[in-house]
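Here is the structure we will look at.
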Amino acid sequence: MFRLSDDERAISDTARDFAAEYLAPGAIEWDQNKHFPVDVLRKAGALGMGGIYIREDVGGSGLSRLDGVRIFEQLATGCPSIAAYISIHNMVTWMIDEFGDDEQRRRWVPGLASMEQLGSYCLTEPGAGSDAAALSTKAVRDGDDYLLTGVKQFISGAGTSDVYVVMARTGDAGARGISAFIVPKDAPGLSFGANEKKMGWNAQPTRQVLLDEVRVPAVNLLGGEGEGFRIAMKGLNGGRLNIAACSVGGAQAALGKAVAYLGERKAFGAALVESQALQFRLADMRIELEAARTLLWRAADALDADSADKVELCAMAKRFATDTGFTVANEALQLHGGYGYLAEYGLEKIVRDLRVHQILEGTNEIMRVVVARAVVGSAGAA
């Protein structure tokens, strides 16, 4: 797991080079202008980054989850916001590839895997955030169609994306009454709210998805009725790993900026990097990042192996890596002094982008709930 083969190293290097050439140069401008660089996403898709762990018969790259987290870490060194959107897009693509029938896979996955079409994941609602099983969007059967009505909140890519995987209630209250639907952008009755004004992640749009009796063919039901919540949660296992990887990558870039700055900046007659006190702070940042990366790779390996503790490990990695990533990036800003607060240095953008990682794909409080249940359950079994 920790000794990369030549092929694995080449995959990681490709992602790093892509981030350096296509993401990093535009990251600050995209953030300031709230520009979603779809042309760059198409370039990522051409390299197989739209379907990283998607089966090859429908255009995917056929890689592992462990390959995936390495890719997302490298992409985030260029721009955490765009790396995170690519993560969400991959989650949507995987859900259709994994749970769709053959017709659904062949209709929807190739365009998503190439990123000629973009995808969005629609679970959260204004009144159902962490309590996702309480969602109220309804899907009512009408002959050969379903009519979907409701509002989805905080949807990345909304308004630009071509394909939406929407969780809606087809049955009774609770998780077992939820189903998943593939909804195309041009479906009548589908519309979008204004682009949200956010602290970070400005390089990708975030809007409400508004469904007003959106007519969706029954053949767009993903899995069977009542399978939606299970599909959503399985998708989130990988999503949590990917967003954790984006935190590690963003923080690694911030650490690199801090080391370079301290080597150039002089105070009291010497370079700041010669101060042992500051060296110790850099050492702690490096240690924390390596610990986060190690746990992340361990969890990805467990998901690849379908280990019994995969859900618990994914939650652990998400909580630890996103908290660590934000802390390290914030410390890097502090080490820059006042310059860290200036947009041109790129530190304040990384800090703003990484902050939301502690909230989405399940808040870090919910990650503790997941882990605690596993701990208490194992104690009870003993």
Task: segment 17-136 shape via C-alpha gyration tensor axes, a/c threshold 1.5 - done: oblate
- [ ] Determine the share of the chain's accessible area contributed by carbon and sulfur atoms, expressed in whole percent, with a 1.4 angstrom probe.
- [x] 51
- [ ] Just check segment 1-70 against the gyration tensor rule for me: Cα atoms, a ≥ b ≥ c as the square roots of the eigenvalues, rounded for a/c under 1.5, and otherwise prolate or oblate depending on whether a/b exceeds b/c.
- [x] oblate
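By DSSP, what percent of the beta bridges with both residues in the chain are antiparallel, rounded to the nearest 5?
85
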Open item on the list: Quick check on segment 48-102: take the gyration tensor over C-alpha atoms, sort the square-rooted eigenvalues as a ≥ b ≥ c, and tell me if it's rounded (a/c under 1.5), prolate or oblate.
Closed with: prolate
Open item on the list: What do you get for the angle between helix 80-99 and the principal long axis of the chain? Use alpha-carbon atoms, 0 to 90 degrees, nearest ten.
Closed with: 30
Task: With Cα atoms, 0 to 90° folded angle of helix 310-335 axis to the chain main axis - done: 40
- [ ] Would you list, by chain and number, the lysines whose Cα falls below 16 Å from the Cα of residue 198, excluding same-chain residues fewer than 8 positions away?
- [x] 34, 349
Open item on the list: Let's see if you can work this out: charge +1 on each Lys and Arg Cβ, -1 on each Asp and Glu Cβ, no other charges. What is the dipole magnitude of the chain about its Cα centre, in debye to the nearest 20?
Closed with: 820
- [ ] Sequence neighbours fewer than 8 away in the same chain don't count; with that in mind, list the lysines whose C-alpha is under 17 Å from residue 310.
- [x] 234, 318
Open item on the list: With every protein chain kept in place and ligands, DNA and RNA left out, what is the accessible area per residue of the chain? Probe 1.4 Å, answer in Å².
Closed with: 42
- [ ] Give the long-range amide H neighbours of residue 128: residues separated by 5 or more places, or on another chain, with amide H under 5 Å away, using H modelled in the peptide plane at 1.01 Å from N.
- [x] none
- [ ] Quote the charge dipole size of segment 112-201 about the Cα centre in Debye, to the nearest 20; the model charges only the Cβ of Lys and Arg (+1) and of Asp and Glu (-1).
- [x] 280
Task: Eligible lysines near residue 138 by straight Cα distance, threshold 17 Å, same-chain separation 8 or greater - done: 152
- [ ] Please report, in debye to the nearest 20, how large the charge dipole of segment 1-61 is about its Cα centre when each Lys and Arg carries +1 at its beta carbon and each Asp and Glu carries -1 there.
- [x] 160
TODO: State the label only: which of [x] 29, 53, 17, 0; [y] 18, 32, 22, 14, 8, 4, 1, 0; [z] 29, 57, 13, 1 corresponds to P(r) over Cα pairs in 20 Å bins from 0, in percent computed from the shown model?
DONE: [z]
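The values are calculated or read from the model by the stated rules, or taken from the named source; none is laboratory data. It should be emphasised that the depicted structure is a prediction, and the values quoted were computed from it without experimental measurement. In this analysis, Cβ positions are derived from the backbone assuming ideal geometry, glycine residues included, and neighbour counts consider all displayed protein chains. Calculation scope for accessible area: heavy atoms of the full protein, side chains included, ligands and nucleic acids excluded. Shrake-Rupley method; radii C 1.70, N 1.55, O 1.52, S 1.80 Å.
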